[in-house]
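Participant: Pasting a structure here, questions to come.
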Amino acid sequence: VQVARVASDRVAVHHAAREAARLAAIDPTPGRVSARAARATPELRPERLQVELGPQRIRGDLIEVLAVYRSPTDVPLVGRLVGDIEVSATALVRIE
């Protein structure tokens with residue numbers, strides 16, 4: 001059960017990174033990009049999701065967005081033995 005929950009979180013983190021990158025291509029404001037990632041993935045706890053932007057460049061360059069999520073291990077016994085699992089995803093987009 002816990003493995004399935006972490007796998008689901010991993011898919012959601014990839015989605016969050018892609019959505020954040022889409023916004024970063026036109027508006028690289030860190031707060032807005034993080035909010036977009038959180039809204040795109042309501043199944044993730046926003047306080048456990050971090051979104052980081054790579055260095056901002058000029059139009060036409062690539063910008064990197066990293067989404068990191070601490071997936072909670074809520075299943076009894078497993079959580080005590082393993083602890084939270086960090087899941088991350090990166091997305092690259094061209095700045096418009």
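The values are calculated or read from the model by the stated rules, or taken from the named source; none is laboratory data. Just so it is clear, the structure is predicted and the values come from calculations on it, not from any experiment. Note: ideal-geometry Cβ built from the backbone for every residue, glycine included; neighbour counts use all protein chains shown. Areas reflect the complete protein model, heavy atoms only, side chains present, ligands, DNA and RNA absent. Shrake-Rupley method; radii C 1.70, N 1.55, O 1.52, S 1.80 Å.
Participant: Would you call G83 over 16 Å from the mean Cα position of the chain (by Cα) and open to solvent by less than 40 Å² (accessible area, probe 1.4 Å)? Working first, answer last.
Facilitator: Numbers: over 16 Å from the mean Cα position of the chain (by Cα): yes; open to solvent by less than 40 Å² (accessible area, probe 1.4 Å): yes.
It is true that G83 is over 16 Å from the mean Cα position of the chain (by Cα) and open to solvent by less than 40 Å² (accessible area, probe 1.4 Å).
Participant: While we're on this one: Examine region 3-14 for a residue that is touching a helix residue (DSSP H, G or I) at 6+ places or on another chain (Cβ under 7 Å) and either of a type outside the set (V, I, T) or surrounded by 12 or more Cβ atoms within 10 Å (Cβ to Cβ) (or both), and state whether such a residue exists.
Facilitator: No; the residues of region 3-14 include none that is touching a helix residue (DSSP H, G or I) at 6+ places or on another chain (Cβ under 7 Å) and either of a type outside the set (V, I, T) or surrounded by 12 or more Cβ atoms within 10 Å (Cβ to Cβ) (or both).
Participant: Filtering region 15-27 down to residues that are open to solvent by 40 Å² or more (accessible area, probe 1.4 Å) and touching a residue at least 40 places away in the same chain (Cβ under 8 Å), which residue is nearest to the chain's Cα centre (by Cα)?
Facilitator: Out of the qualifying residues, it is R18.
Participant: Moving on to the next point. Assuming E86 fulfils every condition listed in (1) under 15 Å from A7 (Cβ atoms); (2) touching a residue at least 24 places away in the same chain (Cβ under 8 Å) apart from one, which condition is it?
Facilitator: Of the numbered conditions (1) under 15 Å from A7 (Cβ atoms); (2) touching a residue at least 24 places away in the same chain (Cβ under 8 Å), the odd one out for E86 is (2).
Participant: Yes or no: E64 under 23 Å from V1 (Cβ atoms) and surrounded by fewer than 17 Cβ atoms within 10 Å (Cβ to Cβ)?
Facilitator: Judged against the criteria, E64 is not a match.
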